[in-house]
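Engineer: Quick one: the structure is below, questions incoming.
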Ligand SMILES: [Zn+2]
């Protein structure tokens, strides 16, 4: 498989050496600079596990079908109820299916904020459970972010969050629910890049 690569693409493997989509040298440098991977024998080894993200996505889709948990329209994107940038995990108890419009317009807003803005009345058990104690859910998300290794991260976005949180000059802001939509990163921090999936 590696022999079929375009000459300017670099092979990429996950933590277990399983092949993912190859990437450009520019992406290699970006990943190394961000502390998301190591480069060995011409192969980029990711420090996180994008295949786990795909597995969770499949499981959530199987559980929820193609129904947006917010607006109840048709949807197919994986939605983190506690957003990744607040420490939310890619897990069955934090993820639902959402339509692209809901997913993108919510951005980093917390569930109660999004409901206040839209007037949606979600009935999905995952959202209902988190809404019952959102402050507690935020605290648990941050505890988890603090204790887990980068190898437990399932996406580039999550791994970038991990690096940012654990770096000495951390951009992390205390997890208090804001009054308006905001990113957990400073305004001058670079935006998240696309999720690195095979
Ligand atoms: Zn929707």
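Engineer: I'd like the residue in the range 128-157 that is over 16 Å from the mean Cα position of the chain (by Cα) and crowded, with 20+ Cβ neighbours inside 10 Å and, out of all such residues, is nearest to the ligand (Cβ to nearest atom).
Structural biologist: Looking at residues that are over 16 Å from the mean Cα position of the chain (by Cα) and crowded, with 20+ Cβ neighbours inside 10 Å, I get 130.
Engineer: Does the range 35-79 hold any residues that are assigned to a helix (DSSP H, G or I) and within 16 Å of the ligand (Cβ to nearest atom), and which are they? Walk me through it before giving the result.
Structural biologist: We begin by selecting, within the range 35-79, every residue assigned to a helix (DSSP H, G or I); these are 50-64.
60, 61, 64, listed by residue number.
Engineer: Here's a check for you: in the range 84-99, which residue that is within 16 Å of the ligand (Cβ to nearest atom) and buried (at least 22 other Cβ atoms within 10 Å of the Cβ) is modelled with the lowest pLDDT?
Structural biologist: Among those that are within 16 Å of the ligand (Cβ to nearest atom) and buried (at least 22 other Cβ atoms within 10 Å of the Cβ), it is 98.
Engineer: Okay, moving on. Within the range 106-127, can you find the residues that are within 16 Å of the ligand (Cβ to nearest atom) and surrounded by 15 or more Cβ atoms within 10 Å (Cβ to Cβ)?
Structural biologist: Once the filter is applied, which keeps residues that are within 16 Å of the ligand (Cβ to nearest atom) and surrounded by 15 or more Cβ atoms within 10 Å (Cβ to Cβ), the range 106-127 yields 106, 109, 111, 113, 114, 115, 118, 120, 122, 124, 126, 127.
Engineer: State whether one or more residues within the range 18-33 are in contact with a helix residue (DSSP H, G or I) (Cβ under 6 Å, 6 or more places away or on another chain) and at pLDDT below 95.
Structural biologist: no
The values are calculated or read from the model by the stated rules, or taken from the named source; none is laboratory data. Values in this document were obtained by computation on a predicted structure and should not be read as measured data. Using ideal geometry, Cβ is built from the backbone for each residue, glycine included, and neighbour counts are taken over all protein chains shown.
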